[in-house]
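Asks: The structure under discussion is supplied below as structure tokens; questions concerning it will follow.
The values are calculated or read from the model by the stated rules, or taken from the named source; none is laboratory data. Nothing here was measured: the structure is a model prediction, and the numbers come from that model. With ideal geometry, Cβ positions are generated from the backbone for all residues, glycine too; neighbour counts draw on all protein chains shown. All accessible areas refer to the heavy atoms of the entire protein, side chains included, with ligands and DNA or RNA removed. Shrake-Rupley method; radii C 1.70, N 1.55, O 1.52, S 1.80 Å.
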Amino acid sequence: MNAVSERLTDALYGLGWTAVKKLPEPVAAGLGRRIADTAWKRRGKGVLRLESNLARVVPDASPERLAELSKAGMRSYMRYWMESFRLPTWSAERVKAAFDVKDVHYLTEGLAAGKGVVLALPHLANWDLAGVWATRALGVPFTTVAERLKPETLYDRFVAYRESLGMEVLPHTGGSAFGTLARRLRAGGLVCLVADRDLSASGVEVTFFGETARMPAGPAMLAQQTGALLLPVTLWYDGESTMTGRVHPPVDVPETGTREEKTSSMTQALADAFATGIAEHPEDWHMLQRLWLADLDPEKGPAA
């Protein structure tokens, strides 16, 4: 991304955060749908990649069905953005009304035990709304990480936005994030990580919808090293104004095996839980990037 593109991107996101949150909610929702439909009709790289990914999730889907899913997926993706731009203005009551969580006892009991909890989520529906629910409705602050974006001013916007919602945000790079997360967990805290894509050399290979993909080792390693509870969470939109989530049963640390074997087994268990939620609500999975190793360009290495 060149300097001009970076400044334009930053300006557009800035406009979203300042302007969209001032719109009446139905107007913002309608704007999001129009933007999504326009992007879908243009058949850009993101839309084509989304359809390619959805073809793995729904392997028996016809081309027409894939097109329907990708259109719904783009609408879901833009709904995420429109909601996220407006979340700073939402009251605790509005957040409670917008998000219903099934099997939340796994989370509340885990926090009550005082050993810390790691929530691992895929890119489903609106993970920021789930985070605001934790801070404003449940009253539990948490720590997360954010990938460094270009330009740096855009990354700063994201950090400031999430911190305004009650989240502690650590940079993904730099090497100190893992230690800080571990300290938060040992103190009985909550850590939330979006964990369905990691193309780095440290990514753990998993079988995901029948093919090999990489997912981050962090959630499993944190649970092993700190004794924290590891809980997968899946989300989906349930109507025009509400979202539903499910806290899945804990992923236990295997009793035997090397650290690498335990990490691999636990990360595969996360992948399986994610796949359950994605298969049930494929239109709410916002994966517009390459994920499976078969789609990566070997000429450019694992992070192509």
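Asks: Cross-link candidates for Lys41: which aspartates and glutamates have Cα within less than 19 Å, leaving aside residues fewer than 8 places away along the same chain?
Replies: The qualifying aspartates and glutamates are Glu51, Glu64, Glu68, Glu283, Asp284.
Asks: So, one more: For the range 32-88, count all C-alpha to C-alpha pairs, find those more than 20 Å apart, and express that count as a whole percent of the total.
Replies: 26 percent
Asks: For all pairs of alpha-carbon atoms in the chain, what percent lies in each bin of width 20 Å, listed from the first bin to the last filled one?
Replies: Bins of 20 Å from zero give 32, 62, 6 percent of pairs.
Asks: Grab the other residues whose beta carbon is less than 15 angstrom from that of Pro122, score K and R as +1, D and E as -1, and report the net.
Replies: -3
Asks: Relative contact order of the chain, please, whole-number percent, based on alpha carbon pairs below 8 angstrom and at least 6 residues apart.
Replies: 23 percent
Asks: Additional query: As an exercise, find the ratio Rg/Rh for the range 232-294 from alpha-carbon atoms, using the Kirkwood inverse-distance average for Rh.
Replies: Expressed as Rg/Rh, it is 1.07.
Asks: A 32 angstrom limit on the alpha carbon distance is what I want to check against. Which of Lys21/Lys71; Lys96/Lys262; Lys45/Lys96 exceed it?
Replies: Over 32 Å Cα-Cα: Lys96/Lys262; Lys45/Lys96.
Asks: How high is the relative contact order of the range 144-243, given as a whole-number percent (alpha carbon pairs under 8 Å, six or more residues apart)?
Replies: Here the relative contact order equals 20 percent.
Asks: When the Karplus curve 6.51 cos²θ - 1.76 cosθ + 1.60 is applied with θ = phi - 60°, which whole-Hz ³J(HN,Hα) does each residue of the range 105-117 get, with x for Gly and Pro?
Replies: 4, 4, 6, 5, 5, x, 5, 5, 5, x, 9, x, 9
Asks: Now for a separate question. Determine the shape class of the range 129-281: with a ≥ b ≥ c the square roots of the Cα gyration tensor eigenvalues, call it rounded for a/c under 1.5, and otherwise prolate if a/b is greater than b/c, oblate otherwise.
Replies: It is rounded, given that a/c, with a ≥ b ≥ c, falls under 1.5.
Asks: Right, next: For the chain, build the charge dipole from Cβ charges (+1 Lys, Arg; -1 Asp, Glu) around the Cα centre, then report which of Ser70, Gly114, Gly44 sits farthest towards its positive end.
Replies: Selected residue: Gly44.
Asks: Using mean Cβ contacts within 10 Å as the protection proxy, how do 112-120, 53-61, 214-222 order, highest first?
Replies: Top of the packing list down: 214-222, 112-120, 53-61.
Asks: Something else about it: Tell me which residues come under 5 Å, amide H to amide H, from Ala217 once H is placed; ignore anything under 5 positions away on its chain.
Replies: Here Val204 satisfy the definition.
Asks: With all protein chains present, how much of the accessible area of the range 38-138 (probe radius 1.4 Å) comes from carbon and sulfur, to the nearest whole percent?
Replies: Carbon and sulfur: 54 percent of the exposed surface of the range 38-138.
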